Every structure is written in structure tokens, then in C-alpha cells.
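Below is one structure, written out as C-alpha cells, with a few remarks after it.
The values are calculated or read from the model by the stated rules, or taken from the named source; none is laboratory data. None of these values were measured; they are calculated from a predicted model. Here the Cβ positions follow ideal geometry from the backbone for every residue, glycine too, while neighbour counts run over all protein chains shown. To get the accessible areas, we keep the full protein, side chains included, count just its heavy atoms, and leave off ligands, DNA and RNA. Shrake-Rupley method; radii C 1.70, N 1.55, O 1.52, S 1.80 Å.
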Amino acid sequence: MAVSDHQMLEAWRHVLTLSKLEAGQVVTILTGASTHPQTLRGAIAAVSSLGAIVNCLDLPPVNGEKALSRDSLSYLGTTPLTGNRAAIAALKESDLVLDLMTLLFSPEQHEILKSGTKILLAVEPPEVLCRILPSMNDRERVMAAAARIEGAKEMHITSPAGTDLRCALGEFPAIREYGFVDEPGRWDHWPSGFALTFPNEGGTQGRIVLDRGDILLPMKSYISDPIELVVKDGYVRSISGGMHADLLKEYMSSFKDPEAYAMSHIGWGLQPLAYWSTLAQYDREATIGMDARAFEGNFLFSMGPNNEGGGERSTTCHIDIPMRHCTVALDGQKVVQDGRVLDAWAKESAGG
Ligand SMILES: [Fe+2]
């Protein structure tokens, strides 16, 4: 169902206030061919209502002819900012960039963040943005989870379907996604609500067994038959199963890049306002699947680049797979059990 312009405006004001936007600051809204007009209207009105200065920068799309999907995360690498010095300069001079286009996994994004500019990505449809409003509680839980990740040497994931995967940790920092940008140089994604990191290069061993109901992204499919992925020295070496395994294999092989099979980010969902079932209600082209990535207690792993975490790998293929019913342990201590987040420690660290 649609939301009103007033609701969209109030949602933006909420997120911009959490992001500590101040009167007189400069905000640039980055738009593209897929930007939702209501999201854009709300952003312009909300930024203006808070006394900040607003610019809009509209850039033509790239890579559409190479991608096998209309999903904005289906083909990474170059972006409309690649080689675009004037646009990069404008974004670096802004206090805040509202990315309604999708710059994720691009070197330009890192360059802009290094200048101190904050970037908030928001490309889900207006009603999803309004439903999954971030909160300070989300921030506390994500921060606590990330602190746990950063103190650990190994993440061990198991599931009743047969998953038994060990990921060595320590080379890369934890990344905190809670849906707003409250510090200079911070990137985040509204909606989100999860903590993640990247395993050490070559440091993942074991197997992942995807079960019925686990989700493939960017395909936005619930799988109906198990898929087994064997992981050795940080790369998925085999993918086997039924029709969904074949779909995944053909899609990944189309990139003709062995780096597509490397382990990318790993972590778990902490967003109680996100739902596993949402994708079943939506047209595939209407969403990028943030409910699936963020629903509480999922184990979210991915294949592809690790440049977002400070690594060297930048492949154009990126697969995200949220799984249900997993148990996740850090150095032997469970943080998710059977798909349920065990964050009594988060409450303790928050003093409540
Ligand atoms: Fe991802």
C-alpha cells in the first residue's frame, strides 16, 4: 500500500534528525533512472524543513546492458561517478549525500567518505522506508554485535540442514548498519539493522547447506530445494542441488570471474521491523530485498567483493544469501541460536 507524502516527509525528518543534520549544512541528493519520485520529494522537503541547503544531482545509469537483472546491486564495479570529477567534487563538498541511486561497492564512494561526507543509501520503496524506521535501540544492538565480532578470531555457523562453516576473523573491521549516519565519514543504508564483517582472505572452510525458504539475492527467490556449497580456503568450490542450484550456478558463471566465488561479508540480522516473508508479497523489481537482509536472527552471507570492508577484491558479481534457523558462534560463544538473536549481552552493555 502507498504512503502519503506527509508520512514520507516525517520519515525523512526522523532519519535526518537521527543523522544530526543541522541548519546550514549542505545536502546533495543523488538520483538516477530508478529513483522513486515520492522518496525524492520527501527528501527535498525534509532537508529544507530542517534548514539545510539541498542540491539534486541526477546521473544517467551505467551497466544496464551488462546485467542480467534490473536490481541495482546486480552488477558492481563502475558507477555513474566513475571518471566524473565534477560530480565527485560536489559530493565531497557536501556534508551529507542522500544516495537514491546506489553507489555501493564503488571506489568513488570511499573517496567521498574519506573527505568526511556522510552517505545514506535509501532505495527501497517509500512504504518500506516508512515501515522500517531506524531507532537508537537498533544502533545499540548493532554496535554491541559489531564489538563482539571485532573481538573474535572465528565465526562458526551451523544449521539443522547441515551447514558447518568456520570463518577466520581479524583481517577486516566489523561494519555497523543501523539505518542512519550520525558521524562524519559514515556510510549507512536505510533500512538496515545488521552487523557484518569479512572473513580473512582464504580463511573460510566447510560447507553451507541452504534450506527451503532461504533466499537468493539479487534473484529475490526463496529456494524450494536444498543447495550445498562447499567452501575451501575462502572460495566456494562447488554448488550442487536442484533447479535453484542450477539457476545460481548459471547466473554466477555469466560473470566469467573466479573472484565471484570468494567469500564476501558474513553477519546476522538485528532488525525486528524487517520480515522474512516480505519478498513473497513484492514484485521483484519493486525492491532490492532489505527485509530479507535485515530480518532478525538471519545469518547473512555473501559471495563476491570485499573492497567494502577494506580488502582488494572488486568483482562485478555479488550474491547475498539470508538463511534461517542458523546458529552463529563467535569463538565458541553463541550469538544467534536456531535463528534467534541471543543479545542479553547487548542489553547488559547498554546498561539495561
Ligand atoms: Fe551484500
On Cα atoms only, tilt of 37-49 relative to the major axis of the chain in degrees: 60 degrees
Distance-filtered residues of the stretch 300-333 - backbone nitrogen under 13 Å, label point 7 angstrom along residue 222 Cα→Cβ: 324
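In the P(r) worked out for the stretch 19-98, what percent of Cα pairs fall beyond 23 Å?
Percent of Cα pairs beyond 23 Å in the stretch 19-98: 30.
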Per-q log10 I(q)/I(0), the chain, q = 0.08, 0.11, 0.12 Å⁻¹ (Debye; single scatterer per alpha-carbon; no solvent): -0.36, -0.70, -0.84
Contour excess over end-to-end distance, with Cα ends at residue 68 and residue 22 and 0.36 nm allotted per residue: 12.4 nm
Cα principal axis extents for the stretch 211-271, largest first, Å: 30, 28, 19
Reduced Cα scattering model of the stretch 64-161, Debye log10 I(q)/I(0), q = 0.16, 0.19, 0.20 Å⁻¹: -0.99, -1.13, -1.15
Solvent-accessible area per residue, Å², over the chain with all protein chains present [probe radius 1.4 Å]: 41 Å²
Ratio Rg/Rh, restricted to the stretch 105-205 and using Cα atoms, in which Rh is the Kirkwood radius: 1.02
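Could you look at the chain and say what percent of its accessible area is carbon and sulfur, using a 1.4 Å probe and all protein chains?
Values: 7530 of 14320 Å².
Result for the chain: 53 percent of the exposed heavy-atom area is carbon or sulfur.
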The chain: antiparallel DSSP beta bridges as a percent of all, rounded to 5: 75 percent
Paramagnetic reach from residue 114 in the stretch 73-97 [backbone N under 15 Å; point 7 Å along Cα→Cβ]: 83, 88-89, 92-93
With DNA, RNA and ligands ignored, accessible area of residue 20 (1.4 Å probe; Å², nearest 10): 120 Å²
Cα-based helix-to-principal-axis angle, 5-18 vs the chain, degrees rounded to 10: 80 degrees
The stretch 233-317: chymotrypsin sites (Phe, Trp or Tyr not before Pro) in DSSP loop, at most 15 other beta carbons within 10 Å: 282
Debye log10 I(q)/I(0) for the stretch 188-300, one point scatterer per Cα, at q = 0.11, 0.20 Å⁻¹: -0.38, -1.26
